[in-house]
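See below for the structure under consideration.
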Amino acid sequence: MASTFHCSIVTPSAAAFEGDVTYATFQAWDGQQGVLGLRSPLLTKLGVGSVRLDVADGTTRRFLLCGGFAQMHEDSLTLLTERAIPAEDISTAEAEAELKKANAEVVTGTEDRQKLERQQQIAMAKVALVRTAGAG
C-alpha cells in the first residue's frame, strides 16, 4: 500500500480540502510538481493551474488553484492559494466562454496587459481542468 500524507488546500476565506492523500500533483511557477509521502521538504511558488489529489480512500479530487505557495514539511503538504475551485464546480461551457471573452479583450497599457494575461491563464486552466476531469 502506498504511503499516505496529510494535505491541506487553504484560501484566505476557508480550507478547500483537508485529508490524507497518496499522491498530489500541482502547477508550480516553473512546471508541474508531484509529491509522494516521505518526500523531502519543499517550498515553492504556485502557478495558475490544476491540482490532482489521489485521496487515501481511492477517490481523486481536482481543483483549480490561482497562485500561492506549496510547502511540504515532515509528512504534510500545504497549498496556500488565493482561490481554489473544485473541478465539479466549473462548467465546461462557462469556462470556454470565459476564455473566448479574455482572448477577445483589447489592452491599452502594461497594467491592462498583465491583468488580461492573468484572466487568460485562469480561463485556459479552467478549460483544461474540466476537459481532464470530465466535469461540466
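Computed from the coordinates by the stated procedures, all read-outs in this text should not be read as laboratory data. Predicted model, so just to flag it, every value in this text is computed and none were measured. Heads up, the Cβs are rebuilt from the backbone with ideal geometry, glycines too, and the neighbour counts pull from every protein chain shown.
Between His6 and Arg83, what is the label-to-label distance in nm when each label sits 7 Å out along the Cα-to-Cβ direction?
In this crude spin-label approximation the distance works out to 2.9 nm.
By the scheme Lys and Arg +1, Asp and Glu -1, what is the net charge of all other residues having a beta-carbon under 10 Å from that of Ala16? Spell out each step's value before the answer.
On the way: positive: Arg61, Arg83; negative: Glu18.
With Lys, Arg at +1 and Asp, Glu at -1, the neighbours total +1.
In the set (1) 43, 33, 25; (2) 40, 32, 28; (3) 52, 30, 26, which value of Cα extents along the principal axes in Å was calculated from the structure you see?
Read-out taken from this structure: (3).
Per DSSP helix of 4 or more residues, -39500 (n - 2.57); summed, then divided by the residues of the chain. What does that give at 222 nm, rounded to the nearest 500?
Values: 2 runs with 37 residues, N = 136.
Dividing the helical sum by the residues of the chain leaves -9500 deg cm²/dmol.
In terms of modelled amide H atoms, which long-range or inter-chain residues lie less than 5 Å from the amide H of Ala56?
Asp20, Val21, Thr22
Per residue of segment 100-109, in order, report the coupling 6.51 cos²θ - 1.76 cosθ + 1.60 (Karplus, θ = phi - 60°) as ³J(HN,Hα) in whole Hz, putting x for Gly and Pro.
4, 5, 5, 6, 8, 5, 10, 10, 10, x
Using 0.36 nm times the number of residues separating Leu38 and Thr110, minus their current alpha carbon distance, what extension gain do you get? Don't jump to the answer; show the numbers that get you there.
Values: separation 72, 0.36 × 72 = 25.92 nm, distance 4.34 nm.
Full extension from Leu38 to Thr110 adds 21.6 nm.
What number comes out for the charge environment of Glu96, summing +1 per Lys or Arg and -1 per Asp or Glu over other residues with Cβ under 14 Å away?
Details: positive: Lys100, Lys101, Lys126, Arg131; negative: Glu94, Glu98.
With Lys, Arg at +1 and Asp, Glu at -1, the net is +2.
Helix 110-133 versus the longest principal axis of the chain: what angle, 0 to 90°, nearest 10, using Cα atoms?
In the chain, helix 110-133 runs at an angle near 50 degrees to the longest axis.
In nm, to one decimal, how far is the modelled label at Trp29 from the one at Asn103, with both set 7 Å along Cα→Cβ?
Reported label-point gap for Trp29 and Asn103 is 2.8 nm.
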